[in-house]
1. Output the number of residues of segment 131-184 satisfying the condition of being open to solvent by less than 10 Å² (accessible area, probe 1.4 Å) and either among the hydroxyl-bearing types (Ser, Thr, Tyr) or in contact with a strand residue (DSSP E or B) (Cβ under 6 Å, 6 or more places away or on another chain) (or both).
2. Could you look through segment 10-35, keep only residues that are modelled with pLDDT of 90 or more and not β-branched (Val, Ile, Thr), and pick out the one that is surrounded by the fewest Cβ atoms within 10 Å (Cβ to Cβ)?
3. If Arg93 satisfies every condition in (1) touching a residue at least 40 places away in the same chain (Cβ under 8 Å); (2) not in a helix (DSSP H, G or I) but one, which is the exception?
4. So which pairs qualify, if the first residue must be in segment 209-236 and under 12 Å from Ile89 (Cβ atoms) and open to solvent by less than 10 Å² (accessible area, probe 1.4 Å), the second must be part of a helix (DSSP H, G or I) and among the polar types (S, T, N, Q), the Cβ gap must be under 9 Å, and the two must be at least 6 apart or on different chains?
5. Which number in (1) over 20 Å from the mean Cα position of the chain (by Cα); (2) at pLDDT 95 or above marks the one condition that Ala132 misses?
6. Could you list, in sequence order, the residues of segment 100-129 that are among the small types (Gly, Ala, Ser), surrounded by fewer than 16 Cβ atoms within 10 Å (Cβ to Cβ) and either under 21 Å from Asp216 (Cα atoms) or over 22 Å from the mean Cα position of the chain (by Cα) (or both)?
7. Can you tell me which residue in segment 63-90 is most open to solvent (accessible area, probe 1.4 Å), limited to those that are touching a residue at least 12 places away in the same chain (Cβ under 8 Å), on the phi < 0 side of the Ramachandran plot and in a loop (DSSP other than H, G, I, E, B)?
8. Testing Arg58 on (1) surrounded by fewer than 21 Cβ atoms within 10 Å (Cβ to Cβ); (2) modelled with pLDDT under 90, one condition comes back false. Which one is that?
Amino acid sequence: MKSEASPYQFLERPASLARGTVTTDVTNILRDAIVSLALRPGEVLDKNAICDQLDVSRFPVSEAFSRLQGEGLVDILPQRGSIVSLVRIADVREYMLIRKALESEAVRALVGRHDDGLIADLRRNLAAQRAAVEIDDRSGFHARDLEFHDMLFDAMRFAKVRVIIESARANLDRARRLIITPRRLALSLEEHQQVFEAIVAGDTGKAVAAMRGHIDSVMAELLVFARQRPDIFADGDVLSDEEDAFPFG
């Protein structure tokens, strides 16, 4: 029976769990909770309480923990249980460097080769970003932010590149949510606007510089935050001042 005082009431069990997909569904539920920071870095995971909340047996929860360990989101500690992984700045820096390289090339490939449909979609997306900034809708902005970048990759039609980006998304999204503030929302909107305007103007150099500058800006801000809150980062206490100025070493 589900406890009235469950600490996991924010975990919503799907209306129906189909046989054969229970482990995948539980994994997705827990991943979403970790990435959205409903489950915070360093938080101990109570397997029995999660089973009660989701009304499932221990097996799919144990399997979900193992899968999330492989994604760098959960640490399984022998004889001690499982916890939400601390964010590793070293990993985030590496993933962001990959994104910087790939997304810079994405906009380079798009300039002068895009269609009117993409421009219209990006314009609508930016309008939605702006609306989210105006009401401080952080979750809404984050979703539109991801959508903006996805549109650029979709327009490239490079499936393998998209797979590489997706493989790093969970940990990146979790790290980026840590620094979502009204100031960061406004800065990201401005940086996205600069990328868009350069694409429309057909200025390849400016578009690439704008994208690289946007990713550098996010990474630099995350490094500052990590130094302020080393308790939620696995390696936040070893960062130097120089790394703030040079986020990719």
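1. Total satisfying the criteria: 1.
2. Phe10
3. Result: Arg93 fails condition (2) only.
4. Gly236/Gln228
5. Evaluating Ala132 over (1) over 20 Å from the mean Cα position of the chain (by Cα); (2) at pLDDT 95 or above leaves (1) as the failure.
6. Correct list: Ala101, Gly112, Gly117, Ala120.
7. Arg88
8. (2)
The values are calculated or read from the model by the stated rules, or taken from the named source; none is laboratory data. Since the structure is predicted, the reported quantities are computational estimates derived from the model, not experimental observations. Ideal geometry is used to build each Cβ from the backbone, glycine not excepted, and the neighbour counts take in all protein chains shown. Side chains are part of the model used for accessible areas, which takes the heavy atoms of the whole protein and leaves out ligands, DNA and RNA. Shrake-Rupley method; radii C 1.70, N 1.55, O 1.52, S 1.80 Å.
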